[in-house]
Amino acid sequence: MVELVTKSAIDQPEPRQSGLPDAQRELMLRRMEQNPQRFQQMVIEESMQLIRETLKQGKLSAEFTEKLWQLLLANNTLSIALQRYLWRIPLKQKRAFVQALDTHMSVRYPMFKGLSVGWPGSNNIPPYVRPAEERRNDFDLVSQGYLGYMGLGYSLREVELFVWLEVIRDKQCEDRPCEIGAPKCDRDGNPTDETDGGCPVKIHIPQVLNLMGEGRFKAAFELIRDANPLPNVTGRVCPQELQCQEVCTHNDRPIEIGQLEWFLPQRERELTNGEPSQPVEVNPWVAASKPPVAIVGSGPSGLINAYLLAKAGYPVTVFEAFHVLGGVLRYGIPEFRLPNQLVDDVVEKIKALGGRFVANYIVGKTATLADLKRAGFTRIFVGTGAGLPRFMNVPGEHLLNIMSANEFLTRVNLMHANEPDYETPMPDMEGKEVMIIGGGNTAMDAARTACRLGANVTIVYRRTQQEMPARVEELHHALEEGILLKELRSPCEFNGDKNHFLSSAKLDVMALGEPDASGRRRPQSTGEFELMPVDFAIMALGNSSNPIVKDANPDLDTSKWGTLLLNRDSQETSVSGVYSGGDATRGGSTAIKAAGDGQAAAREIMGHVDFNAKEVEGLVAQASRYTELGQTAPKIVKRRQLTDEIVEFTITSPLIARSAKAGQFVRVLADEKGELIPLTLADWDAEAGTIELVVQGLGTSSKLINQMQEGDSFAAIAGPLGQASHVVKHPDNQRVIFTAGGVGLPAVHPIMRAHLAIGNKVTLISGFRGKAHRFWTEQGDKVENLRDAYPELLDVVYTSNDGSFGIEGFVTKPLESLLIQHRDGNADTANRSETDTASTEQAIAEVITIGPPMMMRAVSDQTLGYEVPCVASLNSIMVDATGMCGACMVPVMEDGKLVRKHACIDGPEINSHVIDWDKFLPRFNQFKPQERQSEIAHHFIDE
């Protein structure tokens, strides 16, 4: 039963009391029982009539305002009717209502104080943001939206009304600029086909606002969800000020469309206590009525693509490179901006629709797009993101404690390096001077993350604050949190201490010139410089395209920047049936535009079903089997203790075993709290679906791995990664020399085997510390089996440091003899006549060295003196091992300049003679203090 608004509540004289005769009262009660809805409607209509009359008077009394607010709070039929009525009344009456709230209710609701001043165009109730002094020390959500007011003691219904008060500011524009954008004009002021702003995922924003204005929040949520299944995500990270809110006709204070977007799903979570989505009645994989689709990447474009296709009944499998899902939403955006739980919610929704996920799958390495098509996926969406971080390529960039924002954020966001019970290392930032280079959103994320790790943070930007591309809100929050901004400065050189750690940066003082292609004024050097003490530098300069996908799929047309090219007015690439979107096609862009591309591609894919029912069933069965192979747990099926500290593992990994090539490696995660480490493939068996790894227990992670037993499973193994060895046939009078130090032998083994298989002559020099540390040397084991298989091609030389096995000394000792023979043989050849074709077998085609870094450097220096080509296989410090982080930097000299290579993209095999070893070797010591503390914590060593 709704409550009637009485005339006394609006300061009208008390009506005369006149009792109803008993017969009329009984008749009225009987009619109420017979038709309660009609009676309720009569009460509502009478109440609404009184409210209308009062609002027309303009000024509202305290008693009326209080009564009206209580009716709105009741959250019943009359409340909704009131909301609908107040949503539709003229602006003048809305202003009277807001003025009454400001005047009479601001003691109870401080956010109402002053609300009427400039309302609706220049004032509103802002969403709740935690105070800077509180939030700068933790990773809890900063902008808690309107629901954040619940933390201050307000009820959900009160918050709903705060939101509703934001909605009724809307002008209800007929031309819908917030949805479709505003027409751009040419230089003469004439409209063009292009638009500014609007919604990339085509949310019907005016309709959503209308439903919310009428108090129909659930219907508004369902309307958004139909267009965008990620509102709780995109509403938080979308730059609305450049999209829907940019063209809002409230120029001073646009409607908080983004906040409203993510309020709706969060409200649903509050009402349902976060209950998971219920599985669909008919799983698309079981129904097998539509062809299967592969989605490459689980970032914003991939997730929305997968959701829409699964909802439409398509069997979908999402292939993700990392061990957890979410792509850039997970590794790139800190939890104080986007809680991981919200990404998990989206994943669970897709799973509930029948969608499947395969983690640790790197398209272009684990398999090609053609492989996916052969596996039954006739349609593929590529949403792999941008990839490689950009650096400045200035002197000193090789120094320790200089890293990309990608690496820094991945260590914290994905690998939880800031938490003590996780193994991924992170330099101690407490009280340190940290420089963030760049002015975009990634720079803000890196700066605010470093701040939360206790650093003194300064953002260095080559333009002024006005030109910064970061969201205004994010920059504002950063400055509130005590982060400094140094404008018109650009590092031109980094300086280090005696231990190769960063100590200071030389800054070029800039001035702004004429606008460049971006429309921003171009920064120009003034010729002045200043020195800035700095302990840690993080480069947030954007990303270039990762070459992995296009290199493995040469039929894909790409731009000069490496982005995938699309057909006109389509999301389809140059390869039929392969679609793409997001940063893979746009370069650096935004999550909401990526989501829009994924949405558009899903609709396009749905329009192309060109198989009969029987063909579809076959394709679904085929794709299902492949998906299951990809989901196979990396279980240890065999474990062999080779020495006290070296263990050989045989691990189930069918897709990696199918694709592995000599010289490649895998990215290994022992357990959920471990660190990602690269391990070179020692062997594989495609038929059995297994790979072999040999692990020496040197640090915490490798020692923990070596404690694993048969039947245990790794948390994740991804690959194969890196470039395969360059194996070519050499002349019969030349030999390939391998120098293997310790566990370099397992890495050498498949490369050596590949050379032998094509008829190359090979000499293996394998060095051990001593007899007790040797392995694979007995008859019937790996090395001797190769010698038995290729007796005419393979020579083996063993060395040991103490002389207890083979030649005493290092691998360089027998190598020196071979190099001398090579030199002397070349001299003899030069002295022969042109008609003398005889040759010796002492000539060396190349030397391949794998093992401890100091050994590889020694071999490199040794071969350089004899002008013999030498390749070193580098297992550098890595995080993602696909080029995204830039951690595995190898400084090399090219054309007299020091340039950056990456072991995971350009290697792991790199011409050792161009490596600047003096700059490269210290990188292995970057996390030595953290490694020691970890070993102490795990009781591997004493303190």
inquiry  = Tell me whether region 406-428 contains one or more residues that are surrounded by fewer than 20 Cβ atoms within 10 Å (Cβ to Cβ), within 25 Å of PHE494 (Cα to Cα) and of a type in the set (Asp, Glu).
reply    = yes
Can ALA843 be described as modelled with pLDDT under 95 and either under 30 Å from GLY387 (Cα atoms) or of a type in the set (S, T, N, Q) (or both)?
-> no
Regarding GLN207, is this residue surrounded by 14 or more Cβ atoms within 10 Å (Cβ to Cβ), of a type in the set (S, T, N, Q) and in contact with a strand residue (DSSP E or B) (Cβ under 7 Å, 6 or more places away or on another chain)? no
If you go through GLN83, GLN93, the only one that is under 22 Å from GLU214 (Cβ atoms) and in contact with a Leu (Cβ under 6 Å, 6 or more places away or on another chain) is GLN93
The number of residues in region 727-748 that are assigned to a loop (DSSP other than H, G, I, E, B) and under 19 Å from VAL859 (Cα atoms) is 2
Among CYS244, CYS238, the single one that is crowded, with 16+ Cβ neighbours inside 10 Å and closer than 20 Å to GLN172 by Cα is CYS244
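If you take the residues of region 70-95 that are of a type outside the set (D, E, K, R) and in contact with a Phe, Trp or Tyr (Cβ under 9 Å, 6 or more places away or on another chain), which of them is surrounded by the fewest Cβ atoms within 10 Å (Cβ to Cβ)?
Taking the candidates together, the pick is ILE89.
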Within region 461-482, residues being within 24 Å of the chain's Cα centre (by Cα) and among the β-branched types (Val, Ile, Thr) number 1
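Okay, residues lined up against (1) closer than 28 Å to ASN76 by Cβ; (2) not in a helix (DSSP H, G or I); (3) not charged (D, E, K, R):
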{"position": "ASP188", "(1), (2), (3)": "no, yes, no"}
{"position": "LEU209", "(1), (2), (3)": "yes, no, yes"}
{"position": "CYS248", "(1), (2), (3)": "no, yes, yes"}
{"position": "GLY274", "(1), (2), (3)": "yes, yes, yes"}
Discussion item. Quick check on MET539: is it free of Cβ contacts under 8 Å to residues at least 60 places away in the same chain and either under 23 Å from ALA386 (Cα atoms) or not polar (S, T, N, Q) (or both)?
Written reply: no
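Considering only residues of region 211-235 that are part of a loop (DSSP other than H, G, I, E, B) and of a type outside the set (S, T, N, Q), which is surrounded by the fewest Cβ atoms within 10 Å (Cβ to Cβ)? So that I can check it myself, show each step before the final result.
Of the residues in region 211-235, the ones part of a loop (DSSP other than H, G, I, E, B) are 214-216, 228-230.
With of a type outside the set (S, T, N, Q) added as a condition, the list becomes 214-216, 229-230.
On the way: GLU214: 20, GLY215: 22, ARG216: 16, PRO229: 26, LEU230: 31.
Per the stated criteria, the residue is ARG216.
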Given (1) modelled with pLDDT under 95; (2) more than 30 Å from LYS919 (Cβ to Cβ); (3) not basic (Lys, Arg), PRO523 misses just (2)
Note on region 125-157: residues crowded, with 17+ Cβ neighbours inside 10 Å, charged (D, E, K, R) and touching a residue at least 24 places away in the same chain (Cβ under 8 Å) are ARG135, ARG136
Screening LEU698, LEU704 for residues that are hydrophobic (A, V, I, L, M, F, W, C), at pLDDT below 95 and either under 16 Å from ALA872 (Cα atoms) or outside the structural domain of LEU325 (by TED's automatic domain parsing) (or both) leaves only LEU698
Checked against (1) farther than 28 Å from ARG667 by Cα; (2) not in a loop (DSSP other than H, G, I, E, B), GLU281 satisfies every condition except (2)
Listed by range, strands (runs of 3 or more DSSP E) wholly within region 649-691 having at least 1 residues that are within 20 Å of ILE905 (Cα to Cα), in contact with a strand residue (DSSP E or B) (Cβ under 7 Å, 6 or more places away or on another chain) and aliphatic (A, V, I, L, M) are 665-669, 677-680
Apart from one, (1) in contact (Cβ under 8 Å) with a residue 24 or more places away in the chain; (2) outside any loop (DSSP other than H, G, I, E, B); (3) under 16 Å from CYS244 (Cβ atoms) all hold for LEU165; the odd one out is (3)
Within region 578-627, restricting to residues that are buried (at least 24 other Cβ atoms within 10 Å of the Cβ) and assigned to a loop (DSSP other than H, G, I, E, B), the one that is farthest from the chain's Cα centre (by Cα) is GLY581
The residue that is farthest from ARG603 (Cα to Cα), considering only those in region 277-300 that are of a type in the set (A, V, I, L, M) and surrounded by 24 or more Cβ atoms within 10 Å (Cβ to Cβ), is VAL296
Original post:
Based on what the data block shows, is VAL748 modelled with pLDDT of 95 or more, surrounded by fewer than 20 Cβ atoms within 10 Å (Cβ to Cβ), within 21 Å of GLU648 (Cβ to Cβ) and in contact with a strand residue (DSSP E or B) (Cβ under 9 Å, 6 or more places away or on another chain)?
Top reply: no
Here the qualifying pairs (Cβ atoms under 6 Å; residues six or more apart or on different chains; first in region 493-518 and over 30 Å from ASP918 (Cβ atoms) and modelled with pLDDT of 95 or more; second in a strand (DSSP E or B) and of a type in the set (S, T, N, Q)) come out as VAL509/THR526; MET510/SER490; ALA511/GLN524; ALA511/THR526
Per the filter on region 77-135, residues charged (D, E, K, R), in a loop (DSSP other than H, G, I, E, B) and not assigned by TED's automatic domain parsing to the domain that holds LEU55 are ARG130
Handout entry: Yes/no for ASP535 being surrounded by 13 or more Cβ atoms within 10 Å (Cβ to Cβ), at pLDDT 95 or above and under 27 Å from the mean Cα position of the chain (by Cα)
Key = yes
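Just the residues that are closer than 18 Å to GLN245 by Cβ and of a type outside the set (D, E, K, R), please, taken from region 469-483. Write out each step before concluding.
Residues of region 469-483 that are closer than 18 Å to GLN245 by Cβ, as a first pass: 469-477.
Answer for region 469-483, where residues must be closer than 18 Å to GLN245 by Cβ and of a type outside the set (D, E, K, R): PRO469, ALA470, VAL472, LEU475, HIS476, HIS477.
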Among (1) within 25 Å of ALA881 (Cα to Cα); (2) surrounded by fewer than 22 Cβ atoms within 10 Å (Cβ to Cβ), ASN441 falls short only on (2)
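The values are calculated or read from the model by the stated rules, or taken from the named source; none is laboratory data. The shown structure was predicted, so the numbers you read here are calculated from the model rather than taken from an experiment. No Cβ is skipped: glycine too gets one built from the backbone with ideal geometry, and neighbour counts run over all protein chains shown.
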